[in-house]
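Read the structure below first, then the notes.
The values are calculated or read from the model by the stated rules, or taken from the named source; none is laboratory data. All figures in this text were calculated on a predicted structure; none of them were measured in a lab. In this analysis, Cβ positions are derived from the backbone assuming ideal geometry, glycine residues included, and neighbour counts consider all displayed protein chains. Just so you know, the surface numbers come from the protein's heavy atoms only, side chains and all, with ligands and any DNA or RNA stripped out. Shrake-Rupley method; radii C 1.70, N 1.55, O 1.52, S 1.80 Å.
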Amino acid sequence: MLPSDDPVRRGRGRPVEDSLLEAAWLYYVEEWNQSRIADRLAVSRATIVNYLQQAREQGYVELRVDLAVFNRQRLSVALCERFGLAAALVVPGRSASLSSVALAAARYCPDLVEAGDVLGVSWGETIHEMAERILPRVIADLTVVQMVGSMPSPYIFTSEGCSTNVALKLSGRVMNLYAPAALSSPEAAAILRNEPLIRQHFGLLETMRKAIFAVGSMDAESHVVRSGIATLEDVEDYARNGAVGVLCGRFIDASGRHVEGSLDERMIGVTPDRLAGLAAGMLVASGPDRGPAMRGAMAAGYVTHLVTDEPTAEAVLELPD
């Protein structure tokens, strides 16, 4: 690469990859502005913007924030002190934003995972978007395990899609759960749980050291309702028994305890207690309506690291113990 003060411009005939790398270096390392780089490379400013975007998407450039600074802000400190968390990343802003939280989690996630980890991944819109936005990184000998069975979904995301995408972005192997999240009867579920392939999968889940998960709400828009696992009447029945939200497809109460009911014997997937005692459990959640379920998951000790936004954090902290 020519030094930054070299007056020679680059022609249009060089490989695009070379121009992309030079644009990224000049912008992020030498701190040139986009117009100066466009003049240097004899291309339009719009082309430079596209180069910089591609450099981030392909993992050539990784933007980082000092998470320690964000963890020292008022809401982060309050959450860590109240729930005994190792860290809480609270995205600043007056509005709840699933997209911003998913992006923050995507930047945070790779730093939480180490070589040799067995990482459990749940499902949901937040987890899907997080997985989409993780920058590629190689983590040696990583195994990503699907924690919740597959389900018909009106959404663009699936349970197996979430775990597969995380594994692809982090260069790990994926172990998907080849079973529905809910079967038609307890008897069918019991037979399937005894299948060698399913038993092997749950044996691997017993070795899980870290997990990434979200929580769901208790209304008609809940993923468990819209995916057909539960009816609204089922949700109301669980609510009468103390449930305040959904974690890994199971209902939990305000203390994070698993609320068992009519659906549980038909379900294939981890129960909330499997999240206790992990080396790291990252909860990714946005929306004040998730507050009670978030509070329960943290109170139960399932969460070591939290990623959320300012309005959601305030909603959680306003809930009584």
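Does Ala106 satisfy the criteria of being buried (at least 19 other Cβ atoms within 10 Å of the Cβ), in a helix (DSSP H, G or I) and of a type in the set (A, V, I, L, M)? Break it down stepwise before answering.
Values: buried (at least 19 other Cβ atoms within 10 Å of the Cβ): yes; in a helix (DSSP H, G or I): yes; of a type in the set (A, V, I, L, M): yes.
Here the answer is yes, as Ala106 does meet what is asked.
Looking at the stretch 265-281, I want the residues that are acidic (Asp, Glu) and have a partner that is outside any loop (DSSP other than H, G, I, E, B) and open to solvent by 10 Å² or more (accessible area, probe 1.4 Å) with Cβ atoms under 7 Å, at least 6 apart or on another chain. Which pairs are those?
That search, which allows pairs on different chains as well, returns Glu265/Pro186; Asp273/His258.
Any idea which residue in the stretch 237-258 is surrounded by the most Cβ atoms within 10 Å (Cβ to Cβ), counting only those that are among the charged types (D, E, K, R) and over 24 Å from the mean Cα position of the chain (by Cα)? Outline the logic, then answer.
Initially, the stretch 237-258 is screened for residues among the charged types (D, E, K, R), giving 237, 240, 250, 253, 257.
This time we only want the ones that are over 24 Å from the mean Cα position of the chain (by Cα), so: 237, 240.
Numbers: Asp237: 17, Arg240: 10.
That would be Asp237.
Taking the condition of being at pLDDT below 95 and either open to solvent by less than 30 Å² (accessible area, probe 1.4 Å) or not polar (S, T, N, Q) (or both), how many residues in the stretch 207-236 meet it? So that I can check it myself, show each step before the final result.
Taking the stretch 207-236 and keeping what is at pLDDT below 95, we get 216-236.
The next check asks that each one be either open to solvent by less than 30 Å² (accessible area, probe 1.4 Å) or not polar (S, T, N, Q) (or both); those that pass are 216-230, 232-236.
Qualifying residue count for the region: 20.
Would you mind stating whether Ala188 is crowded, with 17+ Cβ neighbours inside 10 Å, over 25 Å from His128 (Cβ atoms) and either polar (S, T, N, Q) or out of contact with any Cys (no Cβ under 6 Å at 6 or more places or on another chain) (or both)? Even if it seems obvious, please write down each step before you answer.
Values: crowded, with 17+ Cβ neighbours inside 10 Å: no; over 25 Å from His128 (Cβ atoms): yes; either polar (S, T, N, Q) or out of contact with any Cys (no Cβ under 6 Å at 6 or more places or on another chain) (or both): yes.
Judged against the criteria, Ala188 is not a match.
Have a look at Ala254, Ala280, Ala293 and point out the one that is of a type in the set (Gly, Ala, Ser), over 23 Å from Gln146 (Cβ atoms) and in contact with a Leu (Cβ under 9 Å, 6 or more places away or on another chain).
Details: Ala280 fails: over 23 Å from Gln146 (Cβ atoms); Ala293 fails: over 23 Å from Gln146 (Cβ atoms).
Among Ala254, Ala280, Ala293, only Ala254 is of a type in the set (Gly, Ala, Ser), over 23 Å from Gln146 (Cβ atoms) and in contact with a Leu (Cβ under 9 Å, 6 or more places away or on another chain).
From the set of residues in the stretch 128-141 that are out of contact with any Ser or Thr (no Cβ under 9 Å at 6 or more places or on another chain) and either over 17 Å from Ser159 (Cα atoms) or open to solvent by less than 20 Å² (accessible area, probe 1.4 Å) (or both), which is modelled with the lowest pLDDT?
Here the residue is Leu135.
List every residue pair whose Cβ atoms sit under 8 Å apart, with the two residues 6 or more apart in sequence or on different chains, where the first one lies in the stretch 282-303 and is within 17 Å of Met130 (Cα to Cα) and the second, anywhere, is of a type in the set (Lys, Arg) and open to solvent by less than 40 Å² (accessible area, probe 1.4 Å).
Matching pairs, first to second residue: Met282/Lys210.
Tally time: how many residues in the stretch 111-123 are surrounded by fewer than 24 Cβ atoms within 10 Å (Cβ to Cβ) and closer than 22 Å to Cys248 by Cβ? Working first, answer last.
Start the filter on the stretch 111-123 by keeping residues that are surrounded by fewer than 24 Cβ atoms within 10 Å (Cβ to Cβ), which leaves 111-118.
Add one more test, that the residue is closer than 22 Å to Cys248 by Cβ, and what stays is 112-113, 117-118.
The number of residues fulfilling the criteria is 4.
State whether one or more residues within the stretch 148-163 are in a strand (DSSP E or B), open to solvent by 10 Å² or more (accessible area, probe 1.4 Å) and touching a residue at least 24 places away in the same chain (Cβ under 8 Å). Even if it seems obvious, please write down each step before you answer.
Here is the first cut: in the stretch 148-163, the ones in a strand (DSSP E or B) are 148, 150.
Checking the rest, the ones that are also open to solvent by 10 Å² or more (accessible area, probe 1.4 Å) come to 150.
Now restrict to residues that are touching a residue at least 24 places away in the same chain (Cβ under 8 Å): 150.
Among the residues of the stretch 148-163, at least one is in a strand (DSSP E or B), open to solvent by 10 Å² or more (accessible area, probe 1.4 Å) and touching a residue at least 24 places away in the same chain (Cβ under 8 Å), which makes the answer yes.
So, Asp309, is that one charged (D, E, K, R), at negative phi and crowded, with 24+ Cβ neighbours inside 10 Å or not? Show your work before the answer.
Values: charged (D, E, K, R): yes; at negative phi: yes; crowded, with 24+ Cβ neighbours inside 10 Å: yes.
Criteria met by Asp309.
Restrict the check to the stretch 224-247 and report whether at least one residue is under 30 Å from Pro92 (Cβ atoms), touching a helix residue (DSSP H, G or I) at 6+ places or on another chain (Cβ under 9 Å) and not β-branched (Val, Ile, Thr). Step through it out loud before you land on a result.
First, pick out the residues of the stretch 224-247 that are under 30 Å from Pro92 (Cβ atoms): 244-247.
Those still in the list that are touching a helix residue (DSSP H, G or I) at 6+ places or on another chain (Cβ under 9 Å) too: 244-247.
Now drop any that are not not β-branched (Val, Ile, Thr), which leaves 245, 247.
The answer is yes; a qualifying residue exists.
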